[in-house]
């Protein structure tokens, strides 16, 4: 389970749109089968483990801190060493039990935004129902600070594009369909693949720490308007993530649009395959006939 | 009737200077559109990222794509204006047997030509434009207009969604992509193969660049047209 999670953390989600890729491949050359270097260029999270790698820690943004600054010391009231006889010894998920209020002392605005945001609301809901939360897989649980940010190894002074590329992996751990559709969208292609720092990354629309779902139409329009100031309500209805994963049942409109987009995609694929197939065959047989005649003449 | 008059010319004009110029500009514009467009669509590939780096990033890629789109569509407009001029002022025939207008005969020609590929029948006596030339031309002409329209949707999404629903932009995106794959497959593979790289014409059919063709080629490739000229 844990290894699975590490695996999925290290990889960008697979592309959703397979047909254009296959058609392009069949039409021209198998260049698309060459390994994609965006995936390799993004450094994965260090896998979580019990021991802190002090070499990496020293190079991180928190590298100058002493351990006690974030973890307190054993003399603090109510603190004791973990009980090795306790069955839950060493199985407690540190990422979910750390007291993240300690982050607030340095990152106050971010912490406050988090508390107002969708992730904190989901966390509160989970805490009110701990039994069913326990059954959830790790990537379905509401995230704490530590789920998205690596406190020991987080790098400082990264460029906007470097942060953005990391962000797609981090957000994609729990929202794989959204990450895949984003990467298939102009925003994702320009920002992640081509490193255009003017293009939008996840948090540019959804807000860092607020993490809004943008299912609210006014919120969505406000997000669009940050870059497209003349945007109208129907501009905000352009489907950015054509996936029905996580979309509420009542959003029939979006579902209908996605179905329409898929139907048109299938029809266009059939058209391309038929026309290209016919003319490729036509040209190939013609070429054989002319070669045959040329060779016969030279005999 | 003197022998001088009776003697037919050895070279024939196949394309006017305007047609040659338009072909040249469209050739450059279309290639530019294909390369810049596919570099964005397949931007997770090394070759696309290499090309994007070469032209200076995604913003330049977008700028170049629009530049090539404007010059290519400019050719379509010039061509439409010329078509009207040819029909209305020069009183030319744009639907006759020697024109690019599709006719029932083209379907028959196609089946006969395919019969020839398998050694069953003779090459049809083609007129000025063969069925594949007509398809090449008409598919591109139609494609340029639909690509132009869907391209405008993607260029000015804010304007178009001020009176159309948002999913039109998504549909434009799908149509633009698949038509691009179709157009590039037909032009870069089928057109270049059948027009230039066939053993008959290899390595290049120069008539679209020089505008001229020879009597020998006319007899072989367009006997129907030669007959009409000489009677």
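The values are calculated or read from the model by the stated rules, or taken from the named source; none is laboratory data. Predicted, not measured: the structure shown is a model, and the values here were computed from it. Here Cβ is always computed from backbone atoms with ideal geometry, including for glycine, and neighbour counts include all displayed protein chains.
Quick one: is residue B:112 at negative phi, within 11 Å of chain A (Cβ to nearest Cβ), part of a helix (DSSP H, G or I) and more than 19 Å from the chain's Cα centre (by Cα)? Working first, answer last.
Numbers: at negative phi: yes; within 11 Å of chain A (Cβ to nearest Cβ): no; part of a helix (DSSP H, G or I): yes; more than 19 Å from the chain's Cα centre (by Cα): yes.
No.
With within 19 Å of residue A:210 (Cβ to Cβ), surrounded by fewer than 16 Cβ atoms within 10 Å (Cβ to Cβ) and without any contact (Cβ under 8 Å) to a residue 40 or more places away in the chain as the only criterion, which of A:140, A:121, A:134 stands out?
On the way: A:140 fails: within 19 Å of residue A:210 (Cβ to Cβ); A:134 fails: within 19 Å of residue A:210 (Cβ to Cβ).
Of A:140, A:121, A:134, the one residue that is within 19 Å of residue A:210 (Cβ to Cβ), surrounded by fewer than 16 Cβ atoms within 10 Å (Cβ to Cβ) and without any contact (Cβ under 8 Å) to a residue 40 or more places away in the chain is A:121.
Per-residue answers, yes or no, for (1) at negative phi; (2) modelled with pLDDT under 95; (3) part of a helix (DSSP H, G or I); (4) out of contact with any helix residue (DSSP H, G or I) (no Cβ under 6 Å at 6 or more places or on another chain):
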{"site": "B:77", "(1), (2), (3), (4)": "yes, no, yes, yes"}
{"site": "B:93", "(1), (2), (3), (4)": "yes, yes, no, yes"}
{"site": "B:100", "(1), (2), (3), (4)": "yes, yes, no, no"}
{"site": "B:119", "(1), (2), (3), (4)": "no, yes, no, yes"}
{"site": "B:123", "(1), (2), (3), (4)": "yes, yes, no, no"}
{"site": "B:129", "(1), (2), (3), (4)": "yes, yes, no, yes"}
{"site": "B:137", "(1), (2), (3), (4)": "yes, yes, yes, yes"}
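Need the failing condition index for residue A:161 against (1) farther than 28 Å from residue A:261 by Cα; (2) modelled with pLDDT under 90; (3) in a helix (DSSP H, G or I), just the number.
(2)
If you take the residues in the range B:171-188 that are over 17 Å from residue B:42 (Cα atoms) and at pLDDT below 95, which one is farthest from the other protein chains (Cβ to nearest Cβ)?
Just the residues of the range B:171-188 that are over 17 Å from residue B:42 (Cα atoms), to begin with: B:171-172, B:186-188.
Among the residues that remain, those that are also at pLDDT below 95 are: B:186-188.
Details: B:186: 6, B:187: 11, B:188: 8 Å.
The qualifying residue farthest from the other protein chains (Cβ to nearest Cβ) is B:187.
To keep it simple, each residue is scored yes or no on (1) modelled with pLDDT of 95 or more; (2) surrounded by 16 or more Cβ atoms within 10 Å (Cβ to Cβ); (3) not in a helix (DSSP H, G or I).
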{"position": "B:12", "(1), (2), (3)": "no, yes, yes"}
{"position": "B:19", "(1), (2), (3)": "no, no, no"}
{"position": "B:28", "(1), (2), (3)": "yes, no, no"}
{"position": "B:38", "(1), (2), (3)": "no, yes, no"}
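Identify, from the list A:260, A:221, the residue that is more than 10 Å from chain B (Cβ to nearest Cβ), in contact with a helix residue (DSSP H, G or I) (Cβ under 8 Å, 6 or more places away or on another chain) and either closer than 28 Å to residue B:135 by Cα or outside any loop (DSSP other than H, G, I, E, B) (or both).
On the way: A:260 fails: more than 10 Å from chain B (Cβ to nearest Cβ).
Selected residue: A:221, the only one of A:260, A:221 that is more than 10 Å from chain B (Cβ to nearest Cβ), in contact with a helix residue (DSSP H, G or I) (Cβ under 8 Å, 6 or more places away or on another chain) and either closer than 28 Å to residue B:135 by Cα or outside any loop (DSSP other than H, G, I, E, B) (or both).
Return the residues of the range A:263-299 that are more than 8 Å from every other protein chain (Cβ to nearest Cβ) and either outside any helix (DSSP H, G or I) or within 13 Å of residue A:23 (Cβ to Cβ) (or both); say none if nothing qualifies.
Passing the criteria: A:266, A:270, A:273, A:274, A:277, A:298, A:299.
Kindly establish whether residue A:205 is assigned to a loop (DSSP other than H, G, I, E, B), surrounded by 15 or more Cβ atoms within 10 Å (Cβ to Cβ) and away from chain B (no Cβ under 13 Å). Lay out the reasoning, then the answer.
Numbers: assigned to a loop (DSSP other than H, G, I, E, B): no; surrounded by 15 or more Cβ atoms within 10 Å (Cβ to Cβ): yes; away from chain B (no Cβ under 13 Å): yes.
For residue A:205, the condition - assigned to a loop (DSSP other than H, G, I, E, B), surrounded by 15 or more Cβ atoms within 10 Å (Cβ to Cβ) and away from chain B (no Cβ under 13 Å) - is not met.
Here is a yes/no grid of residues against (1) surrounded by 15 or more Cβ atoms within 10 Å (Cβ to Cβ); (2) assigned to a helix (DSSP H, G or I):
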position	(1), (2)
B:43	yes, no
B:54	no, yes
B:61	yes, yes
B:72	yes, yes
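Regarding residue B:160, is this residue within 10 Å of another protein chain (Cβ to nearest Cβ) and over 21 Å from the mean Cα position of the chain (by Cα)? Explain how you work it out, then say what you get.
On the way: within 10 Å of another protein chain (Cβ to nearest Cβ): yes; over 21 Å from the mean Cα position of the chain (by Cα): yes.
Answer is yes for this residue.
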